[in-house]
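The structure appears right after this line, and notes come after that.
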Amino acid sequence: MDELNKRIEQLEKDTHQIRLDVTALTERSKNFATTASVEKLIERCDTFVTKAEFTGTLHAFEVRLNERLDNMDSRHQAMIEKLNSRINSSDSKVFWGIFLPMMTAAITWFVKTAVLQV
């Protein structure tokens, strides 16, 4: 009988320890990840990698576009300067070749008709 009591006490101690272990495992299992949650995390990581790659590609595109726009601006500026110099040279040609002789003729005619006639 005495041995039976010892065995029962030992069983009670063991069941108490099992309860403590089950409680601890239950608490720890709340933090375990499921396969679905791990797959979601992998998918989110892939999304972040894709976004980072896209951002890098977009930045490289912006740099190339800005370089091309700068090149176009410099070419257009050179073309505008060339056009301005042509206009200035043609303005002087028009002024000296056409406008000045016409004004001289007009003033001469005015002097001839208005001043000399009086």
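Values quoted throughout were computed directly from the atomic coordinates according to the rules given, and no laboratory measurement underlies them. Small disclaimer: the values here were computed from a predicted structure and weren't measured. Quick reminder, even Gly has a Cβ in these numbers, built from the backbone with ideal geometry, and neighbours come from all protein chains shown.
A cut-off under 12 angstrom between Cβ atoms defines the neighbours of S74, and their net charge, with Lys, Arg +1 and Asp, Glu -1, is -2. Taking the Cα centre as origin and putting +1 on Lys and Arg beta-carbons and -1 on Asp and Glu beta-carbons, what dipole magnitude results for region 1-111, to the nearest 20 debye? Its charge dipole is roughly 760 debye. With helices as the sole contributors, the chain gives -30500 deg cm²/dmol at 222 nm; each DSSP H run of n ≥ 4 counts as -39500 (n - 2.57), and the sum is divided by every residue.
Pairs of lysine residues in the chain that meet both criteria, 8 or more places apart or on different chains and Cα atoms under 29 Å apart, total 5.
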